[in-house]
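J.: Mind having a look at this structure? Questions to follow.
The values are calculated or read from the model by the stated rules, or taken from the named source; none is laboratory data. Nothing here was measured: the structure is a model prediction, and the numbers come from that model. Note: ideal-geometry Cβ built from the backbone for every residue, glycine included; neighbour counts use all protein chains shown.
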Amino acid sequence: MMTEDAAEIFCPACGYNLRGIASERCPECGLALDRAQLNRSQLPWTYRHEIGRVRAYLKTVLLVLARPRRVGEEVARPVSLEDARRFRHITVMIAFVPVMAAITWQLFVIKHDIRATMTRPIPSSINQQPAGVTWPAAAVVAPTHAWIGWTLETGLLPIVAFSAWLFLYACSGVASWFFHPPSLSIPRQNRAIALSYYSSAAMAIMPASLAILIQILLTATSPIARRFLPYIVLLGFLALVPVYQLFQSYLVPMRMLRRATQATTARVWTMGAVLPITWALLGIVILIGIPLAYLYVSIVMISFLP
């Protein structure tokens with residue numbers, strides 16, 4: 001990607017390049033211009049060193065979710081690609097940490113259940129074991145190469161962790177594919193791509209959404225909790241949080257696209273059709289494909305053991 005020329009200023013309404021034009025109105029559409037504002041970013045994240053990182057991040061998330069069209073209009077002002085990438089990375093990590101915690105917990109639960117129900121390995125002298133006699137636990141000896149299986153089993157956790165992070169990171173960048181149409185100048189394309197990374201703001205709701213979904217699942221499996229009607233009503237109300245996150249993840253990029261690139265309705269709806277399909281394909285390839293590939297390689301390795 002080419003380096004952005006921060007001196008380029010565009011009309012927020014029609015996108016006309018105002019560089020070198022001293023008029024207080026856009027010569028293309030006649031919009032009254034506030035040049036002091038056009039030279040200054042309106043994204044709170046840009047001023048994190050002055051107002052604090054946490055405050056700047058939260059204000060930016062709220063701005064993106066509440067007023068995505070206004071964020072799209074920032075394409076008329078200088079936009080830092082490095083700032084946008086940093087915002088995206090932080091947002092992905094905020095979403096990744098609770099997801100990884102839930103996956104780790106579930107893997108250990110599954111691992112414990114499997115080991116509790118599986119038949120434990122027994123000595124080769126099993127053939128001489130009398131009928132109806134069960135070997136005591138103390139007599140059970142692990143196979144010679146059991147450590148290989150245990151190592152491969154332990155290695156599944158970082159593989160799943162990598163898959164989860166890669167999936168979230170990839171999903172956060174899908175929208176950028178639509179934010180650089182050839183009809184835009186290179187500086188506007190670069191700014192639009194940078195703004196597209198802010199559309200990942202909905203991922204910041206992931207900790208709350210995941211906690212609510214886990215609580216709903218636990219309630220569904222608990223007979224006692226199901227009898228407590230006020231608690232069920234509260235969970236039903238809180239279930240709107242993950243629904244809100246899902247819809248915002250889908251709608252925010254589309255709203256930003258129209259303002260940032262002056263996209264046609266057809267282009268916006270094309271993006272709306274491609275986004276969920278791409279997310280689903282990424283889930284299949286990354287979330288399912290990578291762990292399955294690891295398990296397949298593990299099985300092949302174990303099958304070669306004597």
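J.: Return yes or no: is F87 closer than 18 Å to V252 by Cα and touching a residue at least 24 places away in the same chain (Cβ under 8 Å)?
T.: Criteria met by F87.
So that you can scan it fast, the table gives a plain yes or no per residue for (1) among the hydroxyl-bearing types (S, T, Y); (2) in contact with a Phe, Trp or Tyr (Cβ under 8 Å, 6 or more places away or on another chain); (3) part of a helix (DSSP H, G or I); (4) at pLDDT 70 or above:
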| position | (1), (2), (3), (4) |
| --- | --- |
| E28 | no, yes, no, no |
| R40 | no, no, no, yes |
| W45 | no, yes, yes, yes |
| R48 | no, yes, yes, yes |
| R55 | no, no, yes, yes |
| V61 | no, no, yes, yes |
| L65 | no, no, yes, yes |
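J.: Then there's this: Out of the range 234-248, which residues are buried (at least 16 other Cβ atoms within 10 Å of the Cβ) and either modelled with pLDDT of 95 or more or closer than 15 Å to A66 by Cβ (or both)?
T.: Across the range 234-248, the qualifying residues are Q245, Q248.
Listed here are the residues, each with its yes/no results for (1) without any contact (Cβ under 8 Å) to a residue 60 or more places away in the chain; (2) in contact with a Gly (Cβ under 8 Å, 6 or more places away or on another chain); (3) not aromatic (F, W, Y).
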| residue | (1), (2), (3) |
| --- | --- |
| M206 | no, no, yes |
| T219 | yes, no, yes |
| Y244 | yes, no, no |
| Q248 | no, no, yes |
| W269 | yes, no, no |
| T278 | no, no, yes |
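J.: Six or more apart or on different chains, Cβ atoms under 6 Å: show the pairs whose first residue is in the range 158-170 and closer than 24 Å to L275 by Cβ and whose second is among the aromatic types (F, W, Y) and part of a helix (DSSP H, G or I).
T.: W165/F96; L168/F96
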